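The values are calculated or read from the model by the stated rules, or taken from the named source; none is laboratory data. Computed from a predicted model, the values in this text were never measured in an experiment. When we count neighbours, we look across all protein chains shown, and the Cβ atoms used for this are built from the backbone with ideal geometry, even at glycine.
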Amino acid sequence: METKNLGLEGVVAATTRLSSVDGEAGVLLLAGFPVEEIAPRATFEEMVHLLWTGELPDAEELADLQRRLAAKRALPEAVVDLLRAAARRRLPVMDALRMAAGALSLSQEAGADAGEDAVTLVAAFPTIVAAYWRLLQGQEPLAPREEHGHTASFLYLLSGEEPAAERVRGLETYLNTVSDHGLNASTFTARVIVSTRSDVISAITGAVGALKGPLHGGAPGPALDMVFEIGSPERAEAVLREKLDRGERLMGFGHRVYRVRDPRADVLAAAAERFYRHGGDEALYDLARSVEATALRLLRERKPDRRLDTNVEFYTALLLHGLDLPTALFTPAFAVGRVAGWTAHALEQLAEGRLIRPQSEYVGERNRRWVGVEQREAVIAPSI
């Protein structure tokens, strides 16, 4: 009898050199590097090169990739017009990113060169998110500057101000940390699409659509909302106990994959501490640490049979808030990082060349017979 894995849980659908997620041990490898080894040190361009090629770039290769990305940051005018139309309707940022991602085909012949499609996508995602956010605020999009690195460009395009080095490093650590994470729903979507020999832009547009769903993209914002609701360390225990008594989930704790502490949480906790200790709101950071400690203690008290540790959402919210990103940009910022992994998986799937085609189990009726419309009984709803 065939084994059924609903939702494909536990099914190995691809081999990859890009990332390894060990939820039992709490280990995440990115192209062989533990996430805590590479995320705080690499530039985002170095991470992209590593995922695309399997190796860190030398100085010449790094400079070349930086030039290629900088050359493709500017959006086609038609894409900007599309963003203006979306802003007039006040559509969510992820909707605008999905629509604009597909429209990047206007910048070149989609599918003509998968590698160039990948460069276009990685380069354009920060520009799209920043341009759309400014339009929503009634401001004009800014033109990218070639002298900026990838992460600095994103911060500049959002605010119009030259970003400080600590801000760049904080965001860069975040983007690296979320750049890839196994065969999650959006990554699988990208691989399925490109396995049909569709183009990479189509594949990543599909990935954005998958990320948009709340069961995948998550919601780091509520974790921060909980910290603000508590307000002071001495209120943490009472508020958290009330939430648990009502059966509420404590946002930022527990993960479907990790049965121990999410390693990405450790990386972002260190990045948040470094950022907040260098001019950020230290009181907020200390409050968040107090809330985390209290939440972990209460979760172990209430649910001793489950490991509910801090996940990536908790410190994502704290770090991105410190970088002045509004909660509406938390998931789009995630996409700005994850597009590195999406494109790498698409390129890897193209090299493999196999169509992804799982089976399904039919559970419907059988041996039905045709009945003409004149013989079908009308279904009349009962009167109320």
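Brief remarks follow.
- Members of the stretch 140-169 found to be over 10 Å from residue 73 (Cβ atoms) and in a loop (DSSP other than H, G, I, E, B), listed by number: 140, 141, 142, 147, 149, 160, 161, 162, 163, 164
- Residue that is farther than 25 Å from residue 165 by Cα, of a type in the set (Val, Ile, Thr) and without any contact (Cβ under 8 Å) to a residue 24 or more places away in the chain, where the choices are 291, 227, 260, 239: 239
- A single entry from 274, 307 fulfils the requirement of being part of a loop (DSSP other than H, G, I, E, B), in contact (Cβ under 8 Å) with a residue 40 or more places away in the chain and either crowded, with 23+ Cβ neighbours inside 10 Å or not assigned by TED's automatic domain parsing to the domain that holds residue 36 (or both): 307.
- Pair list, Cβ < 6 Å and 6+ apart or interchain, from the stretch 53-67 residues that are more than 18 Å from residue 30 (Cα to Cα) to residues that are part of a helix (DSSP H, G or I): 65/45; 65/49; 66/45
- Which listed residue is modelled with pLDDT under 95, within 30 Å of residue 94 (Cα to Cα) and buried (at least 16 other Cβ atoms within 10 Å of the Cβ), from 266, 281, 324: 266
- Scanning the stretch 227-252 for residues that are part of a loop (DSSP other than H, G, I, E, B) and either under 16 Å from residue 314 (Cβ atoms) or not assigned by TED's automatic domain parsing to the domain that holds residue 284 (or both) yields 248, 249, 250, 251, 252.
- Within the stretch 107-117, the set of residues being at pLDDT 90 or above and farther than 14 Å from residue 198 by Cβ comprises 113, 115, 116.
- Residue under evaluation residue 148, criteria (1) free of Cβ contacts under 8 Å to residues at least 12 places away in the same chain; (2) touching a helix residue (DSSP H, G or I) at 6+ places or on another chain (Cβ under 7 Å), criterion not met: (1)
- The listed residues are 41, 134, 84, and the only one of them that is at negative phi, assigned to a helix (DSSP H, G or I) and surrounded by fewer than 16 Cβ atoms within 10 Å (Cβ to Cβ) turns out to be 84.
- Taken over the stretch 176-211, the criterion of being within 15 Å of residue 343 (Cβ to Cβ), surrounded by fewer than 22 Cβ atoms within 10 Å (Cβ to Cβ) and either charged (D, E, K, R) or not assigned by TED's automatic domain parsing to the domain that holds residue 345 (or both) is satisfied by 199 alone.
- Selected residue (only one of 354, 307, 338 is farther than 30 Å from residue 191 by Cα, out of contact with any His (no Cβ under 6 Å at 6 or more places or on another chain) and among the charged types (D, E, K, R)): 307
- Those residues of the stretch 25-42 which are of a type outside the set (A, V, I, L, M) and either under 18 Å from the mean Cα position of the chain (by Cα) or over 22 Å from residue 342 (Cβ atoms) (or both), in sequence order: 26, 36, 37, 40, 41
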